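Beneath this line is the structure, given in C-alpha cells, with notes to follow.
The values are calculated or read from the model by the stated rules, or taken from the named source; none is laboratory data. What you are looking at is a predicted structure, and each value in this text was computed from that prediction instead of being measured. As a convention, Cβ positions derive from the backbone with ideal geometry for all residues, glycine included, and neighbour counts pool all protein chains shown.
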Amino acid sequence: MANPVASVLEQRVDRGTLPLAVGDVLVIAALLTFGTINHSSVDFVVGNPLYLLGVIAPFLIGWVLVAPLVGAYSAGAGESAKASVPLVIRSWVPADLVGVGLRATPLFEGGAALTFVAVTLVAGIVGLGAWRYLAFAVR
C-alpha cells in the first residue's frame, strides 16, 4: 500500500528547488535573528545561542510542515519569480501562524503578542518575497 503522505510530498516537492529551500531557511533564520538582536543585544544573542534557537525553531517547524504542502517547493516554484513569490508568501502566512502558535505553548518562550504576530508576518512576507524575487533576477 502506498504511503499517502509520501505521495503528496512527491507531487509537491521538486528536487530542483533545493536552492530555494536553503535560501528560505536562511532568510527566516536571519529575520528572526535580527529581530532578537534588535530587542536584546548582540552580546546577549552570542552568549545565549539556545535562546536564539528557541526563537527560530517554532517558525522553522511551521515552515517545514506547511511550505511543502502549499507548494513552495513544487516544480512551478522553481520556474519563475512570478510563480515562486506568491507561493512563498502563501506558505509563510500559515507557517508564521504555526510558529506563533508554538510560541504560545509552554514548549517555547516568548508568547504570541499581537504586535509580534504582525511583525513576523510582514517581515516574513517581505523578506521571503524579496529573496525569491532576487533569486530569479540574478539567474
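Quick rundown of the values:
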quantity: Complete set of residues in the range 66-106 that are small (Gly, Ala, Ser) and assigned to a loop (DSSP other than H, G, I, E, B); calculated: Gly71, Ala72, Ser74, Ser80, Ala104
quantity: For Ala130: the one exception among (1) surrounded by fewer than 18 Cβ atoms within 10 Å (Cβ to Cβ); (2) of a type in the set (Gly, Ala, Ser); (3) under 14 Å from the mean Cα position of the chain (by Cα); (4) not in a helix (DSSP H, G or I); calculated: (4)
quantity: Lone unmet requirement of (1) buried (at least 16 other Cβ atoms within 10 Å of the Cβ); (2) not in a helix (DSSP H, G or I) for Glu109; calculated: (1)
quantity: Count of the range 9-25 residues which are surrounded by fewer than 20 Cβ atoms within 10 Å (Cβ to Cβ), closer than 19 Å to Gly127 by Cβ and either free of Cβ contacts under 8 Å to residues at least 40 places away in the same chain or among the hydroxyl-bearing types (Ser, Thr, Tyr) (or both); calculated: 2
quantity: Yes/no for Val93 being surrounded by fewer than 17 Cβ atoms within 10 Å (Cβ to Cβ), within 20 Å of Arg12 (Cα to Cα) and touching a residue at least 12 places away in the same chain (Cβ under 8 Å); calculated: yes
quantity: Counted residues, the range 67-95 - those being closer than 21 Å to Gly111 by Cβ and either of a type in the set (A, V, I, L, M, F, W, C) or modelled with pLDDT under 95 (or both); calculated: 3
quantity: Options Ile28, Ile61: the member that is within 15 Å of Leu121 (Cα to Cα), modelled with pLDDT of 95 or more, of a type in the set (A, V, I, L, M) and in a helix (DSSP H, G or I); calculated: Ile28
